[in-house]
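Notes follow once the structure below has been shown.
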Amino acid sequence: MNDAFDIRGESHIEVHKFRAGAIIIATLLALVIQSSFPIHFAKAAVLDLPLLVTIYFGLSRRNPSTGLLLGMVIGLLQDSLSGPTVPLGLYGIAKTIIGYLDSSIGARLDTEHPAARFALTFAFFITHQGLIVITRRILLAQPEPWFNMHLIVAALVNALVAVFLFLLLDRLRKN
Amino acid sequence: MVAIPSRHKSLVLLAGVVVLQIFMLAVQIKRDSQGRLIRVWTVGAVSPFERAGSNGFGWVRDTWRHYFALQNTTRENEQIRRENDALKLQLSQLQGKAAEADRLAALLNFRRSHAQVPMIPARVIGVSMGTASRTIQLDRGERDGIRKDMGVITPDGVVGKVVETYPNEAQVLLLTDKDSGVGAMLADSRIQSPVGGQGEPLLVMKYVPNDDTVNLGERVITNGMDRIFPRDLPVGTVAEIKSGNPFKQIRIKPAANLERLEEVLVLQSMRPLETKTEESPADAKPPAPNAATPPPAVRR
């Protein structure tokens with residue numbers, strides 16, 4: 001997954017490669033922190049670190065195929081660890097689509113600026129929650145509100161955290 | 001065979017992967033299967049890291065609370081400051097351990113005072129991944145005797161029930177989850193109604209008619225009808241009452257602090273726990289007729 005590849009017609013946008021094992025370790029760390037951190041810091045439950053990792057590697061790798069596959073793997077892992085009330089595929093579908101969308105956008109725009117990262121993470125967080133609501137309402141026939149203020153606050157918090165987290169993850173890139 | 005233009009390949013892959021997962025969802029719903037094998041593998045692979053992460057974050061939290069918060073108080077010379085910092089760090093670790101010892105002592109006392117009821121103490125090593133569910137993960141599993149549908153409590157009150165077990169871990173559905181519920185009643189008026197979660201910090205009591213009188217602050221306890229929890233365990237207190245149609249909208253503040261659970265007790269039987277509240281014998285209701293482990297009469 002760490003090999004370079006060509007992007008059709010967008011060769012002026014830099015494709016970033018990462019150190020060996022960086023994506024796997026970052027993904028595992030995101031899942032462990034997502035699971036352990038809120039035990040001691042309850043407010044941290046508002047973060048969706050697996051989503052932020054999906055967005056980051058999608059934007060950096062800029063390959064829709066690897067982006068959607070990484071999103072699917074992270075989403076299914078999240079489903080597996082969420083207990084039997086969350087069916088396998090709920091986060092999987094949402095993160096697959098997010099992985100595809102953000103790597104497609106990453107291939108067309110410069111997404112290195114913190115403001116762009118903030119705005120994109122905000123938009124992807126809302127889209128991700130929207131996809132979960134659609135899956136729950138249409139495929140699982142479960143009542144779920146479309147919108148609440150908590151969603152906006154959570155999106156803002158995640159976007160802010162993403163700016164700093166992405167700077168940290170930038171250090172995993174090969175120069 | 002129709003050739004797919006290379007620029008559409010990722011789109012085709014996306015469609016394929018999404019359809020595959022929709023199919024997987026459909027299979028789970030239709031067959032009521034929950035992909036247990038995948039979950040067992042994933043939990044088995046990730047839980048050792050979760051244990052380490054949980055311990056690590058606990059240490060960081062204790063250090064943060066007791067060390068950094070006090071750091072500005074040191075205005076001594078460098079040598080004394082260093083010694084002071086080292087002592088404070090040591091103190092913070094001891095305070096963390098003392099707090100943990102207090103919690104464990106409370107659990108132990110609770111367990112001793114209900115020695116006739118078999119319980120398994122367990123530590124929380126993980127919480128649910130995201131907002132779609134409210135679960136916690138315990139460091140004890142099938143090998144320790146934990147089984148599906150066992151009740152989980154703290155000395156403060158009901159926490160939830162075990163929904164999945166693995167060899168060394170178990171997942172507990174918290175009372176606050178949308179799919180959660182417990183057979184309950186109001187302690188004073190003895191009105192019975194299930195209490196469930198809404199995915200929010202407060203619980204909801206569902207079927208209390210508008211004509212019935214309910215008071216703010218009234219205690220809500222288990223009624224033993226769900227065959228998971230014995231009678232008279234604290235569920236919470238009435239925090240909000242509104243008229244509804246046809247039932248009142250009653251919101252309950254959970255008795256146990258479900259936002260911050262570190263150690264819990266898993267109930268291995270339905271035997272009732274002795275409670276200190278005084279009640280007339282006439283109020284004691286008979287056990288559920290088809291209870292898994294029929295509870296004897298409530299001792300008071």
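The values are calculated or read from the model by the stated rules, or taken from the named source; none is laboratory data. As the structure is a computational prediction, the values presented were derived from the model and not from experiment. When we count neighbours, we look across all protein chains shown, and the Cβ atoms used for this are built from the backbone with ideal geometry, even at glycine.
Miscellaneous remarks
- Residue within the stretch A:46-60 that is of a type in the set (D, E, K, R), in a loop (DSSP other than H, G, I, E, B) and within 23 Å of residue A:161 (Cα to Cα) present: yes
- Qualifying residue in the stretch B:155-162 (condition: more than 10 Å from chain A (Cβ to nearest Cβ) and in a loop (DSSP other than H, G, I, E, B)): yes
- Scanning the stretch A:123-140 for residues that are touching a residue at least 24 places away in the same chain (Cβ under 8 Å) and over 16 Å from the mean Cα position of the chain (by Cα), we see that the one that is surrounded by the most Cβ atoms within 10 Å (Cβ to Cβ) is A:135.
- Qualifying residue in the stretch B:208-218 (condition: in contact (Cβ under 8 Å) with a residue 12 or more places away in the chain, under 20 Å from the mean Cα position of the chain (by Cα) and buried (at least 19 other Cβ atoms within 10 Å of the Cβ)): no
- Picking from residues in the stretch B:163-190 that are buried (at least 21 other Cβ atoms within 10 Å of the Cβ) and away from chain A (no Cβ under 14 Å), the one that is farthest from residue B:227 (Cα to Cα) is B:186.
- Residue check, residue B:264 assigned to a strand (DSSP E or B) and touching a residue at least 60 places away in the same chain (Cβ under 8 Å): yes
- The test for being β-branched (Val, Ile, Thr) and over 30 Å from residue B:123 (Cβ atoms) holds for residue A:93.
Each row is one residue, and each column tells you yes or no for (1) more than 14 Å from chain B (Cβ to nearest Cβ); (2) of a type in the set (Gly, Ala, Ser); (3) assigned to a helix (DSSP H, G or I).
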site: A:95; (1), (2), (3): no, no, yes
site: A:121; (1), (2), (3): yes, no, yes
site: A:125; (1), (2), (3): no, no, yes
site: A:144; (1), (2), (3): no, no, no
site: A:161; (1), (2), (3): yes, no, yes
site: A:167; (1), (2), (3): yes, no, yes
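- Residue list for the stretch A:26-44, restricted to those being among the aliphatic types (A, V, I, L, M), without any contact (Cβ under 8 Å) to a residue 12 or more places away in the chain and facing chain B (nearest Cβ under 7 Å): A:28, A:32, A:39, A:42
- Residue, surrounded by the fewest Cβ atoms within 10 Å (Cβ to Cβ), within the stretch B:191-207, restricted to residues that are at pLDDT 90 or above and over 17 Å from residue B:232 (Cβ atoms): B:202
- Within the stretch B:228-256, the only residue that satisfies the criterion of being out of contact with any strand residue (DSSP E or B) (no Cβ under 8 Å at 6 or more places or on another chain) and of a type outside the set (Gly, Ala, Ser) is B:245.
- If only residues of the stretch B:91-141 that are among the polar types (S, T, N, Q) and touching a residue at least 60 places away in the same chain (Cβ under 8 Å) are counted, the one that is farthest from residue B:230 (Cα to Cα) is B:131.
- Scan of the stretch A:141-162 for residues that are buried (at least 17 other Cβ atoms within 10 Å of the Cβ) and either within 17 Å of residue B:132 (Cα to Cα) or in contact with a strand residue (DSSP E or B) (Cβ under 7 Å, 6 or more places away or on another chain) (or both), ordered by number: A:151, A:154, A:155, A:158
- Set B:160, B:141: member being at pLDDT 90 or above and in contact with a Pro (Cβ under 6 Å, 6 or more places away or on another chain): B:141
- Residue list for the stretch B:104-143, filter: more than 20 Å from residue B:54 (Cα to Cα) and of a type in the set (Asp, Glu): B:142
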